[in-house]
């Protein structure tokens, strides 16, 4: 398990030691860490520093707001505080444990400098200076209550928010997630929503939960999705005309659904061959329900059963008039966007469909 490094804002401010290279080639020329009394005024800040280039007598002055977390919400707060504290001749700067490439681009667009503890940063003085360093890995993983609300079972909250971007209460959202097929408790849903609030993709006011950035939410789900491991699989030839969907649905303990890669033709035009892949929670149970004959060559089979406990396969399924449980549009997109070139091309159409629904 990865060890999470904990650090305080006071420890972070110690990096502004005079003579130290802060962001090559810039060195700290002077630093004043503000006391609690000084910060209690209208212009709050953590430090005032001066940076200089090698051999240059004149430095550049900055007011620094330091935060011990790196969430988008925290970064935006730091930006606002640094700007409010800047006096004439000073530039606003923030300091956080880690700045990703995306966060550095946002700082550049907003004209605010920022440095982290990993070696990344952007230092801006309009018309005079622009220093950028990026690519250093994150050594300070955020220790928020739910580390990743976009992957695994926890991601079902984000998926439900894309299906319906507004909910009047947390309990209503949790009930809908349960009804759609995911066993997430109310506290788990609450942690997922809080994590997404910190990422600024979701807001919550007077109990109402609202998706602010459906595009960013969808992209995060796509970026964090991993092809799930399959415990075992079996290709089958079925009796001609068999109602396989009805047979699988007979047992109340068996969870099953057509995978996204085999559901694509339900949502968009796509030429597809091979057997229909069906995700099942128990391969022995599914084989008992279906019978059929094992097929060693998958392309000759009617169906291929894949055993998995991945929640996304069984979440938000669409059932047609024949009783077939299709993967949701979102699950289908997730599988295709990480597939081959043809699948990725089909995924573009699905992506637009999902965003259109989320923006209604």
Open item on the list: Suppose the filter is surrounded by 22 or more Cβ atoms within 10 Å (Cβ to Cβ), outside any helix (DSSP H, G or I), touching a helix residue (DSSP H, G or I) at 6+ places or on another chain (Cβ under 7 Å) and in contact (Cβ under 8 Å) with a residue 24 or more places away in the chain; does residue 157 pass it?
Closed with: no
Task: Test: residue in the stretch 204-225 that is under 24 Å from residue 7 (Cβ atoms) and more than 16 Å from the chain's Cα centre (by Cα) - done: no
Open item on the list: Can you confirm whether residue 286 is part of a helix (DSSP H, G or I), in contact with a helix residue (DSSP H, G or I) (Cβ under 9 Å, 6 or more places away or on another chain) and farther than 21 Å from residue 163 by Cβ?
Closed with: yes
- [ ] Taking only the stretch 92-106 into account, find how many residues are surrounded by fewer than 24 Cβ atoms within 10 Å (Cβ to Cβ) and either outside the structural domain of residue 62 (by TED's automatic domain parsing) or not in a loop (DSSP other than H, G, I, E, B) (or both).
- [x] 6
Open item on the list: Any residue that is loosely packed, with under 14 Cβ neighbours inside 10 Å and in the same structural domain as residue 333 (by TED's automatic domain parsing) - is there at least one of those in the stretch 259-270?
Closed with: yes
TODO: Using the structure shown, decide if residue 331 is in contact with a helix residue (DSSP H, G or I) (Cβ under 8 Å, 6 or more places away or on another chain), under 17 Å from residue 153 (Cα atoms) and part of a helix (DSSP H, G or I).
DONE: yes
Task: Of all residues in the stretch 177-203 being in contact with a strand residue (DSSP E or B) (Cβ under 8 Å, 6 or more places away or on another chain) and in contact (Cβ under 8 Å) with a residue 12 or more places away in the chain, the one that is surrounded by the most Cβ atoms within 10 Å (Cβ to Cβ) - done: 196
TODO: Kindly check whether there is at least one residue in the stretch 237-247 that is assigned to a strand (DSSP E or B), modelled with pLDDT of 90 or more and assigned by TED's automatic domain parsing to the domain that holds residue 308.
DONE: yes
- [ ] May I ask you to list the residues in the stretch 117-126 that are touching a strand residue (DSSP E or B) at 6+ places or on another chain (Cβ under 7 Å), assigned to a loop (DSSP other than H, G, I, E, B) and surrounded by 20 or more Cβ atoms within 10 Å (Cβ to Cβ)?
- [x] 120
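Do we find a residue being part of a helix (DSSP H, G or I) and surrounded by 13 or more Cβ atoms within 10 Å (Cβ to Cβ) anywhere in the stretch 314-323?
Scanning the stretch 314-323 turns up at least one residue that is part of a helix (DSSP H, G or I) and surrounded by 13 or more Cβ atoms within 10 Å (Cβ to Cβ).
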Task: Top-ranked residue in the stretch 205-229 [being touching a residue at least 24 places away in the same chain (Cβ under 8 Å) and exposed (fewer than 15 other Cβ atoms within 10 Å of the Cβ); ranked as nearest to residue 288 (Cα to Cα)] - done: 229
Open item on the list: When you check residue 151 against the structure, is it surrounded by fewer than 17 Cβ atoms within 10 Å (Cβ to Cβ), under 24 Å from residue 208 (Cα atoms), under 20 Å from the mean Cα position of the chain (by Cα) and touching a residue at least 60 places away in the same chain (Cβ under 8 Å), yes or no?
Closed with: yes
Open item on the list: Give all pairs with beta carbons closer than 9 Å in which a residue from the stretch 16-33 that is without any contact (Cβ under 8 Å) to a residue 24 or more places away in the chain meets a residue that is buried (at least 16 other Cβ atoms within 10 Å of the Cβ) and assigned to a loop (DSSP other than H, G, I, E, B); count only pairs at least 6 apart in sequence or on separate chains.
Closed with: 33/46
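The values are calculated or read from the model by the stated rules, or taken from the named source; none is laboratory data. Since the structure is predicted, the reported quantities are computational estimates derived from the model, not experimental observations. Note that each Cβ is placed from the backbone with ideal geometry, even for glycine, and that neighbours are counted across all protein chains shown.
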